[in-house]
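Heads up, the thing below is written out as structure tokens.
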Amino acid sequence: MVSLAVLERHKYAVLARRISPGGFVVGQKKRVRPYDLPKHLCYRKLDAFIPAYTAAAQPDRHISDIYADWFGQLFGIDIAPAARYPVLEIGERWMRYAHAQFADWGFRNGLEHVEQAPARVVFVNAFSKSIERNWPLERVIGLVRTMRCDPAWADAGFVVNVVPEALEHARKLFSHQGLAHTHLFSAEDNFFQLPAILSLCDLVISVETAVMHLANAVHVPVIALMRRKSPEWAPIDRDNSTVITVAGRDDWVDAIGVQDVMAVLNTRTAGKV
């Protein structure tokens, strides 16, 4: 049992032992003050530990390199760089769902050919688990409007990803915007709804969360909006990924503006898109 938790590591050490009472348990361990007895007792649940890493100490390494090194040290497992890319198999049921959803939205990748449908579909995700990595939905609306004014994206369709708890707010916000070929989406029934929809899109624009890694897994180009604090978590597929990083060390992702994204889109358009 291996715990890769980087926050509240001592609590995950306890949880890992509960999951595997008689197993060999490994987890990250951070330096503990001598008098912090509760944490010392928590870490005694581990049979072996991985020293806590910091991005500053390994500035040029991707998280997949760091993980591969851990598993090499712990278990003698050699994972070649090419084998570290995310792989995801999407079941036929969920691909049928995605095609049917695209058809319902009037996109060309649906089950039926739709006349005057958007030539390309852009997936935009502004949500993560932490507020400092979120992008305001108002910024998403501004991005859609600005892209529509660009001849290169004037005929694009948009799928805006929304976490289930924010759907009601998003529907109210978008209902009066008059954005043609723009649809809200949330994977409310099954995880595989998300990668299935992603796989039919032509471009993914996402804040730093699982969506940008899933875009790599389904081989769709991604523009990632990231802070400076966790550069090791950038998308692994550098050939198909572009990272926009905030200017300041302590800036949140919402410091990235619409024009910052447009500058990257214009560069991609001038290249290959």
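The values are calculated or read from the model by the stated rules, or taken from the named source; none is laboratory data. Owing to the predicted nature of the structure, the values given are computational and were not obtained by experimental measurement. Don't worry about glycine lacking a Cβ; one is built from the backbone with ideal geometry, like all the others, and counts go over all protein chains shown.
For the stretch 55-103, name all the residues that are aromatic (Phe, Trp, Tyr) and farther than 29 Å from residue 120 by Cβ. Break it down stepwise before answering.
Of the stretch 55-103, the ones aromatic (Phe, Trp, Tyr) are 67, 70-71, 75, 85, 94, 97, 102.
Of everything in the stretch 55-103, those that are aromatic (Phe, Trp, Tyr) and farther than 29 Å from residue 120 by Cβ turn out to be 67, 70, 71, 75.
Of the conditions (1) of a type in the set (Ser, Thr, Tyr); (2) closer than 14 Å to residue 137 by Cα; (3) out of contact with any strand residue (DSSP E or B) (no Cβ under 8 Å at 6 or more places or on another chain), residue 182 clears all except one; give me its number.
Result: residue 182 passes all but (3).
Limited to the stretch 14-44, what total is found for residues that are free of Cβ contacts under 8 Å to residues at least 12 places away in the same chain and touching a strand residue (DSSP E or B) at 6+ places or on another chain (Cβ under 9 Å)?
Summing the residues that are free of Cβ contacts under 8 Å to residues at least 12 places away in the same chain and touching a strand residue (DSSP E or B) at 6+ places or on another chain (Cβ under 9 Å) in the stretch 14-44 gives 0.
For the stretch 87-104, check the following and say yes or no: at least one residue is in contact with a Lys or Arg (Cβ under 9 Å, 6 or more places away or on another chain), crowded, with 18+ Cβ neighbours inside 10 Å and not β-branched (Val, Ile, Thr).
Quick first cut of the stretch 87-104, residues in contact with a Lys or Arg (Cβ under 9 Å, 6 or more places away or on another chain) only: 102.
Checking which are crowded, with 18+ Cβ neighbours inside 10 Å leaves us with 102.
After this cut, where a residue has to be not β-branched (Val, Ile, Thr) as well, the list is 102.
The answer is yes; a qualifying residue exists.
With respect to residue 238, is the statement that it is of a type in the set (Lys, Arg) and at pLDDT below 95 true? Lay out the reasoning, then the answer.
Values: of a type in the set (Lys, Arg): yes; at pLDDT below 95: yes.
Criteria met by residue 238.
Taking the criterion of being closer than 15 Å to residue 95 by Cβ and touching a helix residue (DSSP H, G or I) at 6+ places or on another chain (Cβ under 7 Å), would at least one residue in the stretch 200-210 satisfy it?
At the first step, the residues of the stretch 200-210 found to be closer than 15 Å to residue 95 by Cβ are 200-201.
Narrowing the set further to residues that are touching a helix residue (DSSP H, G or I) at 6+ places or on another chain (Cβ under 7 Å) leaves 200.
Yes: one or more hits.
Could you list, in sequence order, the residues of the stretch 118-133 that are in a loop (DSSP other than H, G, I, E, B) and touching a residue at least 60 places away in the same chain (Cβ under 8 Å)? Reasoning before the result, please.
The initial filter retains those residues of the stretch 118-133 that are in a loop (DSSP other than H, G, I, E, B), namely 118-120, 126-130.
118, 120, 126, 127, 128, 129, listed by residue number.
Just one of 104, 47 is acidic (Asp, Glu) and assigned by TED's automatic domain parsing to the domain that holds residue 233; which is it? Break it down into steps so the answer makes sense when it comes.
Numbers: 47 fails: assigned by TED's automatic domain parsing to the domain that holds residue 233.
Answer to the selection: 104.
When you go through (1) buried (at least 17 other Cβ atoms within 10 Å of the Cβ); (2) in contact with a helix residue (DSSP H, G or I) (Cβ under 9 Å, 6 or more places away or on another chain); (3) outside the structural domain of residue 200 (by TED's automatic domain parsing); (4) not charged (D, E, K, R) one by one for residue 70, which number turns out not to apply?
Condition not satisfied by residue 70: (2).
If I filter the stretch 249-262 for residues that are touching a Leu at 6+ places or on another chain (Cβ under 9 Å) and crowded, with 22+ Cβ neighbours inside 10 Å, do I get at least one hit?
Yes, that holds for at least one residue.
Check off (1) among the charged types (D, E, K, R); (2) over 22 Å from residue 65 (Cβ atoms); (3) in contact with a Leu (Cβ under 9 Å, 6 or more places away or on another chain) for residue 155 and give me the number that stays unchecked.
Unmet for residue 155, out of (1) among the charged types (D, E, K, R); (2) over 22 Å from residue 65 (Cβ atoms); (3) in contact with a Leu (Cβ under 9 Å, 6 or more places away or on another chain): (3).
Does any residue of the stretch 225-238 turn out to be farther than 28 Å from residue 104 by Cβ, in the same structural domain as residue 144 (by TED's automatic domain parsing), aliphatic (A, V, I, L, M) and out of contact with any Phe, Trp or Tyr (no Cβ under 9 Å at 6 or more places or on another chain)?
Within the stretch 225-238, the first condition is being farther than 28 Å from residue 104 by Cβ, and the residues that meet it are 225-238.
In the following step, the residues that additionally are in the same structural domain as residue 144 (by TED's automatic domain parsing) were identified as 225-238.
Of the ones still in play, those that are also aliphatic (A, V, I, L, M) are 225-226, 234, 236.
Next, from what is left, pick out any that are out of contact with any Phe, Trp or Tyr (no Cβ under 9 Å at 6 or more places or on another chain): 234.
Looking through the stretch 225-238, at least one residue is farther than 28 Å from residue 104 by Cβ, in the same structural domain as residue 144 (by TED's automatic domain parsing), aliphatic (A, V, I, L, M) and out of contact with any Phe, Trp or Tyr (no Cβ under 9 Å at 6 or more places or on another chain).
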